[in-house]
Each structure stands twice: as C-alpha cells, then as structure tokens.
C-alpha cells in the first residue's frame, strides 16, 4: 500500500501532509512555495509510493467555489500531465484554516509560532487528510 498525500493549495505557499504506508495516521509533511510545488510532488512521488492525492476544495458558505479554485483547476490539469494515473480526490476544506489555528492554540504554541503561516498551512493539510481518512472510514 502506498501513502496518501494531501495538499492545502495556496497562492504563495502550499501545505502538505502525508499518511504512513498503512494509510492510518495523518502527519504534516512540509510547506512548499507554490511555484515549486510541481517539482516537489514529482520528486516525492518518484521516491515514495503514493496511491492518492487529496486536494482541498475551498468553498464559500453557500457551496460556491472560492476565488483560488481557478488556480487549483489549472494546477490539477498540469498535474495530470506530469503524473498521469495518480488518483486525485477532492475534500471540502471549509474551516480548515480556523481549525488549524485553534489546533496551534490548543497545542500550547506561543503567539510568535502561531503567526507562522507555513506551519498553519501544513496543519491545514493535515486536517484535510484526516477528514479524508475519516470519511473513507
């Protein structure tokens, strides 16, 4: 069995999370500048067996797509060409940033660390992945 890799796509930075090989535990992986994301994913998928890529689907309150969805669609189209055959799933990511921020507070991180947007993106990706794993059940 391969890993499941989750993406919290952003204009500047993209948070990544990954499961263990048994696909049971979601852990933060890293944050990558979005302009370097395709190269990072290509290398990662070459070095690790990845079964599924889970990409957050940002929506507004009334189920309308968020502004960044157009960028994500372009990214997914390019990804399909670069990594054909990789299964891609989408997960509603509403409230993940708020949940990630609350997780950082609950974990006892100081104010300075909580302002680290890269860490916030990585935790958001982990929440997206955990949601996917729970739904998959």
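The values are calculated or read from the model by the stated rules, or taken from the named source; none is laboratory data. These numbers come from a predicted model, not from an experiment. Neighbour counts run over all protein chains shown; Cβ positions are idealised from the backbone, glycine included.
Just the residues that are surrounded by 11 or more Cβ atoms within 10 Å (Cβ to Cβ), assigned to a loop (DSSP other than H, G, I, E, B) and either in contact with a helix residue (DSSP H, G or I) (Cβ under 6 Å, 6 or more places away or on another chain) or modelled with pLDDT of 90 or more (or both), please, taken from the range 66-104.
83, 86, 93 - these are the residues of the range 66-104 that are surrounded by 11 or more Cβ atoms within 10 Å (Cβ to Cβ), assigned to a loop (DSSP other than H, G, I, E, B) and either in contact with a helix residue (DSSP H, G or I) (Cβ under 6 Å, 6 or more places away or on another chain) or modelled with pLDDT of 90 or more (or both).
Is it the case, given these coordinates, that residue 32 is surrounded by 12 or more Cβ atoms within 10 Å (Cβ to Cβ) and within 12 Å of residue 133 (Cβ to Cβ)?
Taking the combined requirement at face value, the residue does not satisfy it.
Quick one: count up the residues across the range 37-51 that are out of contact with any helix residue (DSSP H, G or I) (no Cβ under 8 Å at 6 or more places or on another chain) and either surrounded by 11 or more Cβ atoms within 10 Å (Cβ to Cβ) or part of a strand (DSSP E or B) (or both).
6
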